[in-house]
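S.K.: I have a structure here, written as structure tokens, and I will follow up with some questions on it.
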Amino acid sequence: MDEERALYIVRAGEAGAIERVLRDYSDKHRATFKFESADEDKRKKLCEGIFKVLVKEVPTTCQVSCLEVLRILSRDKKILVPVTTKENMQILMRLAKLHESDDSLEKVSEFPVIVESLKCLCNIVFNSQMAQQLSLELNLAAKLCNLLRKCKDRKFINDIKCFDLRLLFVLSLLHTDIRSQLRYELQGLPLLTQILESAFSIKWTDEYESAIDHNGPPLSPQETDCAIEALKALFNVTVDSWKVHKESDSHQFRVMAAVLRHCLLIVGPTEDKTEELHSNAVNLLSNVPVSCLDVLICPLTHEETAQEAATLDELPSDKTTEKDTALKNSTMVYNGMNMEAIHVLLNFMEKRIDKGSSYREGLTPVLSLLTECSRAHRNIRKFLKDQVLPPLRDVTNRPEVGSTVRNKLVRLMTHVDLGVKQIAAEFLFVLCKERVDSLLKYTGYGNAAGLLAARGLLAGGRGDNWYSEDEDTDTEEYKNAKPNINLITGHLEEPMPNPIDEMTEEQKEYEAMKLVNMLDKLSRPCH
């Protein structure tokens, strides 16, 4: 009934009546995602009628109402085949300001039309294979990049940027050819990186360092959504970028990694949005060539150094240990390097472990990233070793028992998901510089057996990668307990009582004769 009434007005009514009936339809079906099959033909005709209205000279408010209803109807894949034509795609592209390269974005009144047109295109392209093919023919990706360039530094049009980026993500997700076009022909890597810079309001203090205001306000919801869409689009553009062949590529990836470091050190409007932002940053960092991840850490700034000095000056000069502790706790520092971003990644990983589900999608990307960073960058590995595998003092509990990061990772080494347990074991193995004896000290042979068998190291030794020869320093507690530690379980066990001590002489003689008889049977030849 709703479709019949709306269709009648759209076909015969004037702009005001069309706007009213479509606004009513939109309000009623705003949350509708499943449609009745019986009304399928009516919805198709309503879509066709809306496109006929959109080519006329009607008020902006009427255009917005038409596009809102079209967006709702485009959720239904079944009705898109007859309405997804080149002409209709061009109508939406024109309304989204994607038709002219020199068209400016000055009329604020047109922004709702642009946003709704982009939303319609997102739904239609995602749900229609015909629209996906037409997108290639109409060079939609290039036009979207051109629109981004018009508004990349204009904060008041975040919604336009957000849905432009979402459509780019959908296109690059569905078409590998568009990924290549975005990367090389359209210079998508620097363009999308600049969009991120704009969303984060980055101020550079050095080539690959940005100023971080820890007391500043969180990102707005609009800035956060825009950044998330840019991160997702960049992931598709860089998905095959493990190897860097040109210096210009290396520089661009370092710039992007520096922007992602900034991303890790800021927060969104809510805890959930911050986690979503950081999750997408982790996924994108996984595409960055590992040699370019050195920018995740940086030397302390003058302000940070002064802060550390002030912290130390407040303590008595003879309290060396207290000074070291204060230095470590006030800022995440290692060898004079700021490790805040790595610490955020470590905390992110632990939160994903604590969730207890969706490990393959949620946990393995950050674990894999930390593993590769540790393997390639000595300072990162040593900092993570200090955080995850500090000098061993507790030798009375099994390695998998407890609430420390080490305990949680060791528990994952026997997880039912093969991929999860492999990457958890690999991370700990790399932190141990791929030395079997060091790994066994922290995990026990039973937990590490799977990794060692897969690497052919059950008999001991070390992996194929080279690491510096600095040695671990064992604690006094570990040195004293080491002779009595069970290598299989990895912890100190109470000595088992000797059963012979409680036997009488007759019982001892009886057990001895049983043993003699058993040995005699074993020594006889088989017949």
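S.K.: Can you list residues whose amide H is under 5 Å from V333's amide H, if they're 5+ apart or on another chain and H is modeled 1.01 Å from N?
M.R.: It is M339, by chain and number.
S.K.: Now, a different point. Taking N as the number of residues in region 172-221, what is its Cα Rg relative to 2.2 N^0.38 Å? Don't skip to the answer; put the middle values down first.
M.R.: Numbers: Rg = 15.0 Å, N = 50, 2.2 N^0.38 = 9.7 Å.
With N residues counted in region 172-221, Rg over 2.2 N^0.38 Å equals 1.54.
S.K.: Label points 7 Å out from Cα along the Cβ direction at R378 and D177: separation in nm?
M.R.: So the two model labels end up 4.9 nm from each other.
S.K.: Two decimals, Cα atoms only, Kirkwood Rh: what is Rg/Rh over region 372-411?
M.R.: On the way: Rg = 11.6 Å, Rh = 11.1 Å.
That ratio is 1.05, to two decimals.
S.K.: Calculate, in nm to one decimal, what S357 and R5 gain on full extension: separation in residues at 0.36 nm each, minus their alpha carbon distance. Kindly include the intermediate steps, with their values, before the conclusion.
M.R.: On the way: separation 352, 0.36 × 352 = 126.72 nm, distance 4.80 nm.
Using 0.36 nm per residue and subtracting the Cα-Cα distance, I get 121.9 nm.
S.K.: Quick check: residue separation of D501 and E40 times 0.36 nm, minus the Cα distance between them. What number comes out in nm?
M.R.: Numbers: separation 461, 0.36 × 461 = 165.96 nm, distance 8.74 nm.
So the chain would gain 157.2 nm between D501 and E40.
S.K.: Do any of K34/K86; K56/K78; K232/K351; K150/K351; K119/K351 go past 29 Å between their Cα atoms, and which? Intermediate values should be presented prior to the final figure.
M.R.: Working: K34/K86 26 Å; K56/K78 27 Å; K232/K351 22 Å; K150/K351 39 Å; K119/K351 34 Å.
In this structure, K150/K351; K119/K351 lie more than 29 Å apart at Cα.
S.K.: Would you work out what percent of the accessible area of region 58-177, with all protein chains in place, is carbon or sulfur (probe 1.4 Å)?
M.R.: Numbers: 2440 of 4830 Å².
Carbon with sulfur: 51 percent of the solvent-accessible area.
S.K.: Also, I was wondering about something else. Can you give the translational diffusion coefficient of region 173-292 in µm²/s, computed by Stokes-Einstein from the Kirkwood radius over Cα pairs at 20 °C and 1.002 mPa s? The partial results should precede the final answer.
M.R.: Working: Rh = 14.6 Å.
The calculation lands on 147 µm²/s.
S.K.: Something else now. Treat each spin label as a single point 7 Å out from the Cα along the C-beta direction, and report the N215 to S250 distance in nm.
M.R.: 4.0
S.K.: Also, I was wondering about something else. Give the Rg (one decimal place) followed by the Dmax (whole number) of region 332-433, computed from C-alpha coordinates and expressed in Å.
M.R.: Both quantities, over Cα of region 332-433: 13.1, 40 Å.
S.K.: Let me ask another. DSSP loop (so not H, G, I, E, B), at most 15 other Cβ within 10 Å: list which chymotrypsin sites (Phe, Trp or Tyr not before Pro) in region 1-60 pass both filters. Don't skip to the end; give the middle numbers.
M.R.: Working: sites: Y8, Y25, F33, F35, F51; in loops: F33, F35.
Those that pass, being in a loop and sparsely packed, are F33.
S.K.: If the viscosity is 0.692 mPa s and the temperature 37 °C, what translational diffusion coefficient in µm²/s does Stokes-Einstein give for region 351-395 when Rh comes from Kirkwood over Cα pairs? List each step's numbers first, then the result.
M.R.: Values: Rh = 11.9 Å.
Translational diffusion coefficient: 275 µm²/s.
S.K.: Accessible area per residue of region 79-128 at 1.4 Å probe, in Å²? Don't skip to the end; give the middle numbers.
M.R.: Details: 2070 Å² over 50 residues.
Per residue, region 79-128 has 41 Å² of solvent-accessible surface.
S.K.: Could you please report the charge total around C373, scoring K, R as +1 and D, E as -1 over all other residues with beta-carbon less than 11 angstrom from its beta-carbon? Walk me through the numbers before you get to the answer.
M.R.: On the way: positive: R375, R378, R381; negative: D294, E372.
Result for the neighbourhood of C373: +1.
S.K.: Any idea how far the Cα center of region 70-97 sits from the one of region 418-455, in Å?
M.R.: Each part reduced to its Cα centre gives a spacing of 54 Å.
The values are calculated or read from the model by the stated rules, or taken from the named source; none is laboratory data. Bear in mind that the values here come from a model prediction, so they are computed numbers and not experimental data. Every residue, glycine among them, receives a Cβ derived from its backbone with ideal geometry; neighbour counts consider all protein chains shown. To get the accessible areas, we keep the full protein, side chains included, count just its heavy atoms, and leave off ligands, DNA and RNA. Shrake-Rupley method; radii C 1.70, N 1.55, O 1.52, S 1.80 Å.
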